[in-house]
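In what follows, a structure is listed as structure tokens, so that the remarks can point back to it.
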Amino acid sequence: MFTLMPTRPAPGTDRSRKGRGRAPETAALTLSDAPGREMIRDTFDPILKGRCDMKAAYIEQTGTPEMIRFGDLPDPVCGPGDVLVRVRASSVNPIDTYIRAGVVGMASKFPYIPGCDVAGTVESVGPQVTRFKKGDRVWGSNQSLFGRPGACAELLAVDEGWLYPTPEKQTDECAAAGALVGLTACLGLFEFAKLKPGEWIFVNGGSGGVGSAVIQLAKSAGAYVMTTAGSEENVQYCRDIGADVAISYRDDKVDDQIKTAAQANGGLNVWWETQREPNFDRMAGLMKNRGRMIVMAGRAARPEFPVGPFYTRDLSLLGFAMFNASQDEQRAAAERMNAAFAAGRWTPRIGARFPLSELAAAHRLQEDNTLAGKNTLSGKIVISV
């Protein structure tokens, strides 16, 4: 037989959390029945180890946003090379909704916590960690992918290779909002397109999360930037963050304006496509010889392709997904982002904010804009934890 006796926590071991009430009582366990040891081990191990539960948003099966639950899950365990982060902010990206819906098959173990982007403060580090210490502010992305836990929780154990120091004056909300979109912009511009100072780049849709990041980071590298947006407010926003030419894509003569603006350069050096259905005939007609076209969206798109104009003008088409990049490649991009922020040349656009408990509503808003084209969102959705 066994008895479970409640005891008070030892002095200095109070694990209470702000807003969570009094710390739970621990247990003194006495065993006199050896065969019962294994039976009770799984039940009482968390109590004996002093483990408590964190709040998290999670799913137990893929499906609609209504599949998202909010409740308690066990605190993560920090591995030798991991950093335990007290999460302050995350964000919502289209990839988060694709995984939750089961379109991208990365949610294979349940409960599954979504959330690629993270920003917060280091709680503790594993013995092999060398780049961070307790109390450091950090940000990162690439979580919730390939078996890694997501960031929509109070705590997250992260391999230190996916984390970067948060600039002193950058808020956690800002760091989380810019994580995936900023890394995507840097990888596309400098790892793939090999953008050079003085080159001309066109961003097809510059007011959203990725588009606005491309504008700012291309401009910070000395490029000449043109873009389009759908409303006068967003056209002005694009100008405010550095676009040299910003045009309404609703204008019937938008391509004539792009061609006229880029005429002195002989056309565009780089075309960054943010839309899910690219028009390659249009793109090829506006490019300079040996221009580079970037695509990073449109999983189901099957557009026509103008082979003749493409190869006779030495054009290149470059597609990429940021989560394929190595830790070293993403760290180089993060360092460039941090430097641009410190210089006042990079600030991600936040379009909406939700508490962690309302992650389902945040996913619905993202899908309304990514899939349904409602145009009710400009910028990133930030999740406050």
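Taking the criterion of being of a type in the set (S, T, Y) and part of a loop (DSSP other than H, G, I, E, B), would at least one residue in segment 121-129 satisfy it? Within segment 121-129, none of the residues are of a type in the set (S, T, Y) and part of a loop (DSSP other than H, G, I, E, B).
Selection within segment 239-253: residues that are in contact (Cβ under 8 Å) with a residue 12 or more places away in the chain and under 22 Å from A343 (Cα atoms). The member of this set that is surrounded by the fewest Cβ atoms within 10 Å (Cβ to Cβ) is D244. Name the one entry in G298, G308 that is over 12 Å from L183 (Cα atoms) and under 21 Å from the mean Cα position of the chain (by Cα). Matching residue, one of G298, G308: G298. Counting only residues that are closer than 27 Å to G373 by Cα and in contact (Cβ under 8 Å) with a residue 60 or more places away in the chain, segment 300-332 holds 4 of them.
Taking the listed residues V385, V307, the one that is surrounded by fewer than 16 Cβ atoms within 10 Å (Cβ to Cβ) and β-branched (V, I, T) is V307, with no other qualifying.
With the structure loaded, tell me whether T130 is of a type in the set (V, I, T), surrounded by fewer than 24 Cβ atoms within 10 Å (Cβ to Cβ) and either free of Cβ contacts under 8 Å to residues at least 24 places away in the same chain or out of contact with any strand residue (DSSP E or B) (no Cβ under 8 Å at 6 or more places or on another chain) (or both) or whether it fails that test.
yes
The condition (being more than 30 Å from G178 (Cβ to Cβ) and not hydroxyl-bearing (S, T, Y)) is satisfied by just one residue among R331, R290, R276, R282: R290. Among residues that are touching a Gly at 6+ places or on another chain (Cβ under 6 Å) and not in a helix (DSSP H, G or I), P149 is not included. Selection over segment 268-301 of residues that are among the basic types (K, R) and under 17 Å from Q257 (Cα atoms) gives a count of 2. Against the list (1) modelled with pLDDT of 95 or more; (2) surrounded by fewer than 21 Cβ atoms within 10 Å (Cβ to Cβ), the condition T228 fails is (2).
The set of residues from segment 336-363 being surrounded by fewer than 17 Cβ atoms within 10 Å (Cβ to Cβ), touching a residue at least 12 places away in the same chain (Cβ under 8 Å), assigned to a helix (DSSP H, G or I) and touching a helix residue (DSSP H, G or I) at 6+ places or on another chain (Cβ under 9 Å) comprises just one member, A361. For T370, indicate whether it is over 18 Å from the mean Cα position of the chain (by Cα) and of a type in the set (V, I, T). Answer is no for this residue. If you filter segment 227-252 down to residues that are among the small types (G, A, S) and in contact with a Phe, Trp or Tyr (Cβ under 8 Å, 6 or more places away or on another chain), you find that the one that is farthest from F202 (Cα to Cα) is G230.
Counting only residues that are surrounded by fewer than 20 Cβ atoms within 10 Å (Cβ to Cβ) and part of a helix (DSSP H, G or I), how many does segment 324-335 have? Going through segment 324-335 one residue at a time, the tally reaches 7. Applying the criterion of being out of contact with any strand residue (DSSP E or B) (no Cβ under 9 Å at 6 or more places or on another chain) and of a type outside the set (G, A, S) to the residues of segment 62-85, the residue that is nearest to C152 (Cα to Cα) is P65.
The values are calculated or read from the model by the stated rules, or taken from the named source; none is laboratory data. Not measured: the values here are computed from a predicted model. Glycine also receives a Cβ, built like all others from the backbone with ideal geometry; neighbour counts cover every protein chain displayed.
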